[in-house]
Every structure is written in C-alpha cells, then in structure tokens.
Amino acid sequence: MLALVAPAAAGDFRVPLMDKPPTLDGNVAPGEWTRAVGFDGFAMNGKLDRRRARAFVGATNDRLFVAILSQLPDEGKLLAEVDRDTLKLVYDDSVEVWIDPTPGTEHGQTFQMLANSLGHKAYDHHARGNVAQDASWRGNWELANGFPDGYWHCEVAVPIAEIAPGRQPTDGAWGINVCRNWKQPWGFSSISGGAYAPSDRFTFSEAAPLAIAYENRGEPGTGTVQTVLGLRNVSAAAVAVNAHLLLKRDLMPELSQAENLSIAPNETQELVLKVSDQSSKKMDLLAKVTSANDETTFYERSVGWDVVGPYRWVAAAPVVLPVDFQFAYHPYANRMRIVADSSGMPRDAAVRALTAAIRKKGDATPVKTVVFDQFTGDKQELSFDLPPLKGAYEIAMTAAGKGVPTGEVVKEFERTTYAWEHNNLGKSRKVYPPFTPLEVTKKTVRTVLREHEMNAAGLWQQVTAKGQHLLSAPMRYSAQVDGKEVVPMAGRLSLRKVDDQAAEARTTVTAGALQTRAECAWDYDGTMRVDLTLLPSSGKTVESLVLEIPLKADQATHYHAMGDGIRNTLYARVPEGDGVVWTAEKVQANDLPPKFCSYLYVGTPVRGLCWFAENDRGWSWDATKPNLELVRTNGAVTIRVHLISKPVVITKERTLTFGLLAAPVKPKLGDWRCRWDRDKYTLLGTDLNWLALGDCGSVYPAGKDMFFWEMIKRGNREHLGDEAVQATIDRGLPLFSPYGEDRVETWGRHVRYNLSSRYGRKMVFYYNRASCQLFDEFETFKDEWCLTDFRTVGKGNGIGEIKIVPSESYIDHALYWYGMSFEVGGNQGVYWDNWFFVPTYNTAMSDAYQRDDGSAVPATGLWAMRELSKRTFQYMNEVGMTPITMPHMTSTNILPMHSFATVQYDWEWKYSEGDVQYRFPRDYLLLVSNGELAGTWPVLLGDHGKLAEDPWTQRTFAGVCLVHELDGGGMPQVWQPLREPIYKLLGEPGLQVYRYWDERPQPVAADNPDLPAIVYVVPGREAVFVITSYAEKEVTANVAVDAKALGFGEGCRVTDVESGEVLSVADGRVKFPLKKHAVREFRIAP
C-alpha cells in the first residue's frame, strides 16, 4: 500500500541558461520560458493541492527567474487585503520564493520573498552555521503580476549579486523552492512538496542540453491522468536520455512509461503516461530523466494525490448590505462608537439619514438613539455615551430617504458585570525591592543604580549608570522653522516629587514660531515619559524638529533595535566610521510603517539608554525617510530622532509621546544565579497544563471549576493515586468532549502528566496576552481587549487564542484570576507568552490613530504591556510573594516592558540548528539573553528536535550557558557534572564572579578572544573556571591565571573537573587543547 502522505524526496534539476531574459509583464508567455525547467502541481508533504499551480525556474548570467501560475477561484476572488509590504502578506493568497545559494552546507543563508496579488512584497533572511542573521536585509527583486486565462501569473527576477555577490549562476548548485499560500480554504504547497526551506537542487549550465517541463493535462483528482514530460534539446548536438514516468496506485497495478530517447537539436519530444482509473483512491507519480548511462540526472520529481472526484474552488464572497455598520462597545467607559455605511445602497436611492437604536434585547424602547446625517463618502462615525448597561442588547439601524430599503440591520452585544471590575490590585504606592524610592533634588532624579540630571528643556543634561556618565553632551532639540535654523530656547523647568513612585516635570521650549509644552512623568524604575505638545505655529512652516541624544562613544558600542514582531530584531555593534552609521531603514516591521524604529537601545552590555515610541502620532514624519539615525562625530554617537521631517504648518495643538530609560534598570532579584534550576521552579507551559479549556488564552481553569486548580495544588504537594487522577479527567470530559476526540485525549494526557510531574516543585503558571471566544468576559469586553478598532469577532465557543491589548479592564480581570491561582492552585509566578510588539489598531484603547487619508497607524502597546507587568509585580509584593513575573521575550529585550519583570525566558528559536555557538551571536547573548540590562533572571528553553538528546550538542549548549550565566538545562549526564562545582560555590560568603564582559581585569582569562570564560572564586579558598570555544577549529588555549588576584598567594593547582587531570601551571599560565565549540571546566585551588 502507498503511504497516505509520504514526505517528498529532494529533487535534482539541471537547467540550461536562458539565451535571453523573459519579459516581466505578468503574462507567462510560453515562448519566453522554453529554456526553463517546468513544474505542474504544488504539493505539501508530497501530496498535491487540488488547486492548480505551475512554476518555471530559469537563469541568465546575472539573474534567476521564477514564474508562478496559480488558478483563480472558480467562484469568488483571491484574498488580497494586506495593502503594504509586510510579512503579514502570508495572510493573503500569496506566493513565496526561497533561494539558498549554498544548499547542504553547514554555514549558509536562505533568502525569502513573499508577495500577494496586489504586488506587495516582503523579504526575510535565514542564516545557519556561522553566518549571522541579517534582519535588515531587503531584496530588490523585480515582480510583475497579471491575471490572464483564469490564472494569477506572477513573474520574479532575482539579481544574483544581491544574494551571492561575485558568483555566476553556473557556479555549483542552488537550493530553490517556490511556494503558494492558499486561502479560502487555507493551504500551503510548493514545488518541493515539503516545507518552505529549499530541498530541491538546481544546477544551471551553459552546457546543459535539455529544457524539461512536466505538465499534467488531465485532472488527477478525478482519476483522469495524463502526465507529460516535455524535453526540448537546446544544444547543437543530438542528446540521448532515459525518460521515465512511474505511476503507483493503491488498488490497481503500477503503470510505467519509459523510453530511451534521442532528441535532435532544437527538437522537442514528449513522454506521455495516460490512464483513467476511478477505482484507485491514492496515486504516486515519479518523473525522472537521466543521461543514457544513468550517471547524470536532469530531472527528478515525485508527487502524490488522492482520487476524490471533481473539484471547484469556491472562495467566500463578501456580503454587501444596503445598510451596514461597524461598532465598538467600551463597557468600562460606558461608551460606544459606530461607523454607519450606506455604500451598498441601490444607485437610485437618496439617503437622508441612518438611525441606530440601542435597545435591550426583547425591548422596543431604546436606551439610546443616534442619527447619522452628515456622511463623508457614504460613511459617518459617531462616538457617544451610554447609560450603565446589564444584559443582552442589540443595535438596530434603519434608513430614511428616497428609494431606500425598509427593515432593520441588527447586531447584538452583551454587558455582564463582574466582581473583579475596577479593582485596586497592584495599585499600591509602595516601592518594592529591588527598586528604591525616587529621590528628587532640584534638577536631579535618582533611581536604583542611576542618577539623572534634567535640563530646562525637560530632557537629560547627564545620566549616570553604574558609576559612569553616558552622555557626551546634554540632550537637546534642534529645529528649522520658516526656512531658518533656530536654536530652541527652554523655559523654566518645574520638577517635583509626587511620591516614592513618581515625579513630574513641566517646561516649555520655543524655536521661533514653534512653541511647545513638555510634560515629563517619572516612574520609579527610571522611565521618563515625555508628552510634547506642539502649539499652532502662526502660519509659519516648521521644516524639522529633531531630538538629539549624544552618547560617549565608549559607552555606545552596541545597539538593539526593532520595529515590531519577533525574531527579526537587530542586535550588533554600532558600525565604525564617521557621519551617519545606521538608520531605521534597517528595522523590520509587520504592522508599523517601514523605516520606523519603535525602540532603540544604545550602550554597552552593562549600561546604556533606550528611546522608544508607540508610533508617530503627533509627529510630522516623512515616511520615505528613516525616523531614527545614529551619527558618529567627535567622540560621540548621537541618536537623532526626526520628530518633524515633513514640513508642516501647525494649525492646532498636537501631542507626541516618547520615553527614555537608562540601564541597568535594576539589580537582579536575590541570589539569582541559576536560581530557577536550584530552587526547582517549573513552568506549566500553555494553560492546558494547569487544566484550562482555552488554547493559550485562559486565566482560569476549565469551566471556572476550582476543583481543577485544587487538584493541581494537591499534585504539587502529595503523590496522587490513579483514582484521583481519573476523577479529575472524568470531571473535565463534559467540557472537552464538544471539541472532539483529539481534544479529549489531549486533556487526559495533560491531566496525568501535570498531576504527577509537578510534585515538590515551585509552579509558575502560563498566561498570554490573549483571550478567546469561549469566555463570557470576552463577549462583554472584546472591544476593549482586541487589537482591532471595531468588532470583528462574533459570539461563539472557539478556544483558540485571540491576541489582546492589556487595557484597564483586561488587567483588572487578569490580576483577579492570577490571585485565585496563587490562593487555590498553588501558583507561585506569572509567565506571559509572546512578550513583544504585536501592534494594536484599537484607537480607543491605545495610541493607534487614523491618518487624514483614513489609513490606520497601529501602536506597539508598550505602555499597556508595561502596566500589566507593573501591577502584577506590585500585586505579588502586596500579598507577600516573591514576585516571579516572567515574560517570554525571545529576541526582544524591550527594557521598559521588562522593568517590572524579575525573570525572562529566551531561546524559543533555532532548535537543533547545530552547535549553539552558531545559533546565537555573543552580541545577542549580552544585549538580550543574559538579563544584565533589565535586571532579570535569564532562564532559557532547552533544545528541542533531533539534536535535543545529542551529547555533543548538549555540551555546546552547556558551554554557552555557563559562560554567560544563563539558566538553561538539558541532558543530566552532560549538565550535572559541569553545574555541580559551580552550585557548591553559589551562596558562599565572599563569592566573586568575573565575567569576560566585565569592565575590570580578569584573574583567569585566555589570550584568544574566541575563548570566552567565567570565573567563580571564593578568594583564598577555591575557584571554578569555565571556558568555551567560539573558534572555527581546535586551538590551544593559553590561559593566564593570576593566583594573587584569586587570593591564593604565589601559586595554585588547576584540575579538570570532569577528567581529574591536573594541568601544569608555568609562569602563571596553563595551556590545554580546546576543540571547536567545546567546553572545559577547571577547579583552581591554592
């Protein structure tokens, strides 16, 4: 029998160079692609998608070419809603091209392009081995779309110099995959028949004699098979080949069509296999062409499919009502927004007004009536107060005018009140460790580890972090007004302490006709929020307003920057050179506008400062230019923020907001080194592990049944018997059964695991910045929580996570249930998944806004995320708990969002991608992973995948973690021998730890910078020295050991922890071999 879905084997294709490039016009003309290799049918896991797609791949001396033809829906249209260049194009019907210039090598990179039918493109870069990921890479690939003959034609040209500088297309093999993301219904398929990353190998050659194209002229899904291999000889001599088509069937014998062909120059021959088979249900086809002696493969591809009958692709068509509206209900504010829409009216209709009546369901008397009679482009928006509501309600809209339809358009909403609403959890004004109360004197604000001196402009004259000045000169504004450079003049700064948590400052800044009012709000973590209000400019044009932050060059060695999203952030050394050395053009964003950097840290691995903004609300930013740049001049690295770069006459007040925060933000909490492991903390990852019904969006147990949390707590404190476990499973069956057998099986498995595996450990529950359709609270508060500006999620019982913005009502709701988990479930911490910028378009709950042209600009959600973590941190302190607040922040160290976090979770990324030294550059570890700047315990996910149990990979994992003080873990036989000597020293009086990035002499260090190390020492008694290799080959480590600095007097003894080998110490040095990426650990004693 055939396998149902067999993984596709990698294909091998030899392709002649094109004699001339095809015309990119959105029409894949047959004559232009005759020297390309052709494919018919895209597959996933080797199984063809029912929707038809073809592809061609070719090359000239300077470009690679790809053509994709995919069928249009038989009914409906392609989904094409993403109207900008963003990786979110994957949510539309879209195509992808992946190119790996060096397939199969340990070190390499893959380039990805994504495009939709509107012509929008996005790019991504994927690195492996010692090649660094470049999140700033942008391709300059040509693209043309067209829609002839019922197909979407997409043609792509890839400049070879962009992806492999200096390389010819004929130099070795290329890995290429061409993909189609289908919608309505969803599907993914590709020419490789597997995942996105290229597995097929393409070799281009001027000497390649054949252009081969596979075509399916039948309808495989109906059993009508007519497969054709077209072979065109493009050479000057006859070519002899073996061509083979092999069809395997589950219920009928296999069929084979094989011929030894001799093809004359410029001749095209076809090999055809044809059959009609309505008996078989599954088929597999192999198409292969080799040289006459079978030594060279020209074409090899295998695909499979199910025989299920005729297929029509019906895409959902939008329903257009004569009268329609969008709405958002905000129960905490007792307000509603409605956008009335009359664009669906008959052409001969004359609309006078639309009326919306808000009434209790079943009651004809409205509680509120609003009239829409001032339309702009068939639409009008009104925002209005409502009385406090309770129960089920509906909005009924009617039309008045000539020729308008009668009747109502009705939409429903609910208001349920809850005990947790408007609570005061986490709102204490007390300052808790490791923070200290704000100190304010004259123009100085002191916070833990930092001191800030303000200037008259409401900015920082100087900031001192860990004893070092950061600024080379005061922060300042510069401006050009009415065609002239103007020196801004600041008014009198008023600075006062509000209480131990807060301070506030006010001032004015004037630059000619530009007048501003600055209000600065300080929080006790050191964050200063600046609300800068620009006043009308008396008819004068303001050409520019720039915030300048000049840092000392020796304190500005690194940067960490982002737009939005995850695993696409930038972390590197500030480039060398003078002038502009970096701009926001490098950041990647999925929702925010391109070239807008929302967060930038500049500093060293131990101190620095960050600037951040939710978006450009209130600015006048020229979106064709980057909003931020780094400029190196005269021993300084200056952050330049272009608040106004598009000339503007300010006619009414506008306020822009940004924030500043110096680092380190705080000390790490308590005896932090490897505390997660030593204190036996355990993360109940995903909410199902603490017995919730939702899928990563829950805050309470399934059905709000506290029995489940009571059982989790019991399993944490006692060994439960099979009867108690089964009773827990049985109690949940009525809740899980409606979601199918798989969900029931998953429920039972998770109950068994979590009621037994958490015994004696400190549990931390998983939460998320999410909710789900099933929860009754979501039905009431969805318009305050969701990321959309108006209601898009209907009522239902879906359990999938729905991303939210933590509005005041959500935070009240979450903290109430966090508290219940502490009390009932034995939970000792709060973990948040997805702690990065997922921008929100909700203008009522965030700083998102609409431009004058009606387009929406989202907000990062930073201030709301920060408020959720702050209140949680304070609440846990209020109830006397160790505040384990733990964001999962893979690739994003957003300091103001980590201020009130005490633990961070990293490395959900690059699983089993070889040695760990290749996965995460040291700049990344020091800026993001090790928690140094945020003051968080640095906890990591262990490895997953094929290398998770590989001892060598585990040693590379351990070496990187131990040297960088990262709390990771893995195979006990690898980790325990290395950890045990360190654990014995932790907590010892007088322990000192020397890290290679410290700004002080190291008592034990290698000469080679590719051999970083860490030293744990109790002076005069014992030291443990761990060293790992980032070198590309085995080297001899030459290590200086300063016995006096260790408190050992004139000499010392060095012993390998694992082998017991005693190393010779000569002239204060030890030498030993260290393999590539190896780790060694030594005990040093007097």
Pull up region 174-199, narrow it to residues that are of a type in the set (A, V, I, L, M), modelled with pLDDT of 95 or more and touching a Phe, Trp or Tyr at 6+ places or on another chain (Cβ under 7 Å), then point me to the one that is surrounded by the fewest Cβ atoms within 10 Å (Cβ to Cβ). ILE176
Out of all the residues in region 291-312, is one or more surrounded by 13 or more Cβ atoms within 10 Å (Cβ to Cβ), of a type in the set (S, T, N, Q) and not in a strand (DSSP E or B)? yes
Between THR624, THR638, THR583, THR655, which is farther than 22 Å from ALA859 by Cα and of a type outside the set (Lys, Arg)? THR638
If we keep just the residues of region 633-660 that are in contact with a helix residue (DSSP H, G or I) (Cβ under 7 Å, 6 or more places away or on another chain) and not hydrophobic (A, V, I, L, M, F, W, C), which is modelled with the lowest pLDDT? GLY635
Does region 885-902 include one or more residues that are modelled with pLDDT of 95 or more, surrounded by fewer than 19 Cβ atoms within 10 Å (Cβ to Cβ) and of a type outside the set (A, V, I, L, M)? no
SER279, sole failed condition from (1) buried (at least 18 other Cβ atoms within 10 Å of the Cβ); (2) modelled with pLDDT under 95; (3) hydroxyl-bearing (Ser, Thr, Tyr): (1)
For GLU980: the one exception among (1) under 26 Å from TRP672 (Cβ atoms); (2) in contact (Cβ under 8 Å) with a residue 12 or more places away in the chain: (2)
What is the number of the single condition among (1) within 30 Å of GLU381 (Cβ to Cβ); (2) at pLDDT 95 or above; (3) crowded, with 17+ Cβ neighbours inside 10 Å that ARG791 does not meet? (3)
Quick one: which residue in ASP847, ASP783, ASP812 is of a type in the set (Asp, Glu), part of a loop (DSSP other than H, G, I, E, B), touching a residue at least 40 places away in the same chain (Cβ under 8 Å) and out of contact with any helix residue (DSSP H, G or I) (no Cβ under 7 Å at 6 or more places or on another chain)? ASP847
Being part of a strand (DSSP E or B) and modelled with pLDDT of 95 or more: is that true of ARG506 here? yes
Can you spot a residue in region 664-676 that is among the hydrophobic types (A, V, I, L, M, F, W, C), in a strand (DSSP E or B) and either assigned by TED's automatic domain parsing to the domain that holds PRO550 or in contact (Cβ under 8 Å) with a residue 24 or more places away in the chain (or both)? no
When the residues of region 904-919 are narrowed to those that are surrounded by fewer than 22 Cβ atoms within 10 Å (Cβ to Cβ) and touching a Ser or Thr at 6+ places or on another chain (Cβ under 8 Å), which ends up nearest to GLY685 (Cα to Cα)? GLU908
Taking only region 755-774 into account, find how many residues are under 21 Å from ALA727 (Cβ atoms) and either touching a helix residue (DSSP H, G or I) at 6+ places or on another chain (Cβ under 6 Å) or assigned to a strand (DSSP E or B) (or both). 3
Among the residues listed as TYR983, TYR994, TYR1030, TYR1016, the single one being among the aromatic types (Phe, Trp, Tyr), part of a loop (DSSP other than H, G, I, E, B) and either assigned by TED's automatic domain parsing to the domain that holds ASP1056 or surrounded by fewer than 16 Cβ atoms within 10 Å (Cβ to Cβ) (or both): TYR1030
Filtered residues of region 603-637 (kept if closer than 30 Å to HIS964 by Cβ and not small (Gly, Ala, Ser)): THR604, PRO605, VAL606, ARG607, LEU609, CYS610, TRP611, PHE612, LEU628, LEU630, ARG632, VAL637
Return the total of residues in region 699-754 being in a helix (DSSP H, G or I), among the hydrophobic types (A, V, I, L, M, F, W, C) and either buried (at least 18 other Cβ atoms within 10 Å of the Cβ) or in contact with a Gly (Cβ under 7 Å, 6 or more places away or on another chain) (or both). 11
Scan (1) in contact with a strand residue (DSSP E or B) (Cβ under 9 Å, 6 or more places away or on another chain); (2) in the same structural domain as HIS642 (by TED's automatic domain parsing) for the single condition ARG429 breaks and write down its number. (2)
Selection count where residues are within 28 Å of LEU17 (Cβ to Cβ), in a loop (DSSP other than H, G, I, E, B) and in contact with a strand residue (DSSP E or B) (Cβ under 8 Å, 6 or more places away or on another chain), scope region 236-275: 5
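The values are calculated or read from the model by the stated rules, or taken from the named source; none is laboratory data. In this text the structure is predicted, and so the values were computed from the model without any measurement. All Cβ positions, even for glycine, are placed from backbone atoms using ideal geometry, and neighbour counts span all protein chains on display.
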